[in-house]
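Here's the structure, in structure tokens; my notes come after.
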Number of protein chains: 2
Amino acid sequence: MSIDGGSARVRDQEWDSGSLGDMPPEEFSRLAHDVVDWMAGYLDGVRDLPVFPNVAPGDIRSQLPTHAPDHPEDLSDALRDFRDIIVPGITHWNHPSFHAYFSITGSAPGILGEMLAAALNVNHMVWRSSPAATELEEVALAWLRGLVGLPDVFDGHINDTASTSTMYALAAARERAYPEAHEAGLFGQRPGRVYASGHTHSSVEKGTLALGLGRQAFRAVDTDDEHRMRPDALRSAMLEDGKAGLVPIAVVPTLGTTSTTAIDPVAEVVDVAREFGAWVHVDAAYGGPAAIVPEVRELYHGWEGADSIVINPHKWLFTPIDCSVLYCRDPDALIRAFSLVPAYLETPESGAARNLMDYGVALGRRFRALKLWFVMRAFGRSGLEARIRAHLQMARTLADAVDAEPNWERMASVPLALVVFRYAPREMDDEAADAANRAIIDRVNETGRAFIGPTRIDGRTVIRVAIGNLKTTPSDVESVWDAIRDAAASL
Amino acid sequence: MSIDGGSARVRDQEWDSGSLGDMPPEEFSRLAHDVVDWMAGYLDGVRDLPVFPNVAPGDIRSQLPTHAPDHPEDLSDALRDFRDIIVPGITHWNHPSFHAYFSITGSAPGILGEMLAAALNVNHMVWRSSPAATELEEVALAWLRGLVGLPDVFDGHINDTASTSTMYALAAARERAYPEAHEAGLFGQRPGRVYASGHTHSSVEKGTLALGLGRQAFRAVDTDDEHRMRPDALRSAMLEDGKAGLVPIAVVPTLGTTSTTAIDPVAEVVDVAREFGAWVHVDAAYGGPAAIVPEVRELYHGWEGADSIVINPHKWLFTPIDCSVLYCRDPDALIRAFSLVPAYLETPESGAARNLMDYGVALGRRFRALKLWFVMRAFGRSGLEARIRAHLQMARTLADAVDAEPNWERMASVPLALVVFRYAPREMDDEAADAANRAIIDRVNETGRAFIGPTRIDGRTVIRVAIGNLKTTPSDVESVWDAIRDAAASL
């Protein structure tokens, strides 16, 4: 073939001259070292930044052009804008006083894994499109399964988020409950139910909705005074629904609910679900990694009886976002729900190797196992256990401190590393207390000293302080408690 | 609060001593600079590696321990294993002779963006959980919209993959077709249809399946001799289905199909879909970025009439995986399909700022806009146009070369940067030719000189050569063509 013939107008020299191709290697190297210096300085100094930025909606956008540049820019300029415009608008999840949502850490080993994954830029949708990425995902998830004490009947794969993992698990449950719907859809079928406690994560309801089951398919089961699903209430609900002709699709117990980290009694829930033939999906997105700690694992007794379990290393296993693991007792159930192999994705290894695209909707797959593998190697079982236990202990210390103050009320027990409480002086009625707690949260967050969040428990607005960052020390927790009390005093 | 009270057993000193907390800053800095040196060397030298590794299923897994280490390991050991065990099992998507699937590049500017995103580790599910990440996503997607010439009625957000984007678009279509199903599910509804050509990506059928519509809801519309959806066949199919009482849910034209990069006549398809009130989702996951090139954009005339469009910067816009953009004319349609706001995610900015969690299933969100923004700044409109045009030209040159050889048959025209063809000497029957082409693909891939893929067109096994890597030069394309002809000669 001659490149001079036909329509050819490009020449190899255009790559050599840099008018085509990527950034020159020496420029990448120079900028990447600069970026690492910034990263190292940022991670070391994040404690001195305001946790929540002092910006209003639109403040960042208004500082940037509305159109892409017509011509190449020096990337140093973009890096400068990153530093001067973007970073001042970041909420610092790395800050040791970030206590909103679930506090997380993308640890140094995990960041190094992300750097290498970005350089390799592989897509292991099928085994042959990157054998090592597929097999390291198998290895890393076997390691994690061992760390949290699950039996090896559970087979895992990595998704972006727990909401996705849960939707996939519910899709497998739907496939089992309505085998004919695979071809014909849900149209001719009897309505069904997905059961979870009223404290379950919104992803269960969202998954139910996405799968075409409708919001009415979600039934919130009553909880006890520790906000845990009541197995007797579950049984009553399933009996009642069965009499009404509804199909029992799935039951979703949670190990560590978002509002209070309540731990549903999973063994009893599994027993009830089994009576009715429903799939059991355990939401351990937050709580799962803590099963590395023996005294926590006891609380999860019976979770090994589930059909599927979601655990998020990006929440409490020091792995950068995103990394959500879905373990499934019968991975073929996922394959039955999802597998479709077009001609351009047929491979000679079919049968001999696993093609991870078959386990869900997403076809493309980032090499997410690498960061998780680095984290497990760098910290080891003992290091992970010590770090998670330290978080548990700091949470209990804060709980004790709240309990010791007369004007404060703790709203839930603390089985994991989240403390929920409210300012509730005797003379304040509930409405006034709600307003006071909202104001306390806003004031603390406005100081930039800490970032905390609200939730509602038993109808009341309360303060959530989640502990999960590797940099957070007992003194930091003392400081956030001081900031909260200062805010209350200033009302 | 005293940390000596109650259950406290951890002390600040344990962080200072490094027995808790993250890797020490100086160790991170040292390792990260080492990692950058490896990355730079890898990217510069990837041309000398075999594209497809010489490994069999299980080869990588068998070199690794079955359990996580009990105690911390030096991360240098993990980096050594990465280099010695993992990299030799990687299929190098960065290699200039990677031509399987759709050839992609995670360019240097994009990699720098991923490094910073990993360090920040923010999750912008709501505006306040990272204002700058939310607003940069808005800015970057407005830039991209301008580059590809879409009107600003289209509002975008980033998902992991096109399969996810397409499923979300089809969920919005389902919501519009079956408003009552939001509460009651699809159970009482009339079955419906999603239309696409038989050459559409598997994600359309998979999305249909995931949403509970059933495989029967997917109807493949006849194509013309260029593998493009026939608008008259679409109209006939929709009329026929309408008489049978089926609900017209969505029509999915593709701009650049996976097997041949056929470009469905989107303007006419939109017109037909409008007659029946169906949602139009355009799959431009691969082809979309090429709309930056004016002569390509002409081919997409009418795509601006769609309800939603998916464009993947991680395919042909030099952005590391994953980054799939879903543009939607009526983003509220996505919100109606998906939004659920639990108490722990209520924010004071609700109404004034966008909360990106409301547009799909996934709650957590990586800061993916940063890498895309860096790519657009580093290359600029002119640089992106020149690079994509170079790929188009190399593909046409290869097509001309195939056409000039007597024993070879080109199987489709080349509107974008994919050439599909087969070895078909006059004396070979079709079955023998299928076997020969499978053997040619395997032999080329075994050499490690190039990585190409198969597909089937009109029932025949053919060779796909996709061009999309920034390092690929005309000489490289000449080499892969030589390798293919060598393999044929060796049969």
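Brief remarks on what is shown
Yes/no per residue for (1) within 7 Å of chain A (Cβ to nearest Cβ); (2) part of a loop (DSSP other than H, G, I, E, B); (3) open to solvent by 10 Å² or more (accessible area, probe 1.4 Å):
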residue	(1), (2), (3)
B:M39	yes, no, no
B:V46	no, no, no
B:N54	no, yes, yes
B:T66	yes, yes, yes
B:D84	no, no, yes
B:V87	no, no, yes
B:H92	no, yes, no
B:A100	no, yes, no
B:A119	yes, no, no
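- If you go through segment B:288-298 and pick out every residue that is within 14 Å of B:R389 (Cβ to Cβ) and crowded, with 18+ Cβ neighbours inside 10 Å, you end up with 6.
- Here A:D225, A:D271 are screened, and the one residue that is away from every other protein chain (no Cβ under 14 Å), open to solvent by 70 Å² or more (accessible area, probe 1.4 Å) and part of a loop (DSSP other than H, G, I, E, B) is A:D225.
- Some residue of segment B:419-426 being within 18 Å of B:L398 (Cβ to Cβ) and small (G, A, S): yes
- The residues of segment B:344-372 that are modelled with pLDDT of 95 or more and facing chain A (nearest Cβ under 7 Å) amount to a single one, B:R366.
- Enumeration of residues in segment A:250-268 that are crowded, with 24+ Cβ neighbours inside 10 Å and over 16 Å from the mean Cα position of the chain (by Cα): A:A250, A:V251, A:V252, A:P253, A:T260, A:A262, A:I263, A:D264, A:V266
- Scanning segment A:345-377 for residues that are hydroxyl-bearing (S, T, Y) and surrounded by 21 or more Cβ atoms within 10 Å (Cβ to Cβ) turns up just one, A:Y359.
- Test: A:A140 is crowded, with 24+ Cβ neighbours inside 10 Å, closer than 30 Å to A:G245 by Cβ and in contact (Cβ under 8 Å) with a residue 12 or more places away in the chain: no
- Restricting segment A:230-249 to residues that are in contact with a Phe, Trp or Tyr (Cβ under 9 Å, 6 or more places away or on another chain) and of a type in the set (A, V, I, L, M), the residue that is surrounded by the most Cβ atoms within 10 Å (Cβ to Cβ): A:L234
- Residue match in segment B:394-407 (condition: more than 9 Å from chain A (Cβ to nearest Cβ) and touching a helix residue (DSSP H, G or I) at 6+ places or on another chain (Cβ under 7 Å)): no
- Pairing residues of segment B:221-237 that are small (G, A, S) with residues that are open to solvent by 70 Å² or more (accessible area, probe 1.4 Å), at Cβ distances under 7 Å and at least 6 apart in sequence or on separate chains, gives B:A233/B:D222.
- Looking at A:G41, A:G21, A:G58, A:G45, just one residue is small (G, A, S), out of contact with any Leu (no Cβ under 6 Å at 6 or more places or on another chain) and farther than 25 Å from A:I104 by Cβ, and that residue is A:G58.
- Identity of the residue in segment B:186-205, within 7 Å of another protein chain (Cβ to nearest Cβ) and farther than 14 Å from A:G212 by Cβ, that ends up least open to solvent (accessible area, probe 1.4 Å): B:S203
The values are calculated or read from the model by the stated rules, or taken from the named source; none is laboratory data. Keep in mind that what you see is a predicted model, and the values were worked out from it rather than measured. Glycine also receives a Cβ, built like all others from the backbone with ideal geometry; neighbour counts cover every protein chain displayed. Calculation scope for accessible area: heavy atoms of the full protein, side chains included, ligands and nucleic acids excluded. Shrake-Rupley method; radii C 1.70, N 1.55, O 1.52, S 1.80 Å.
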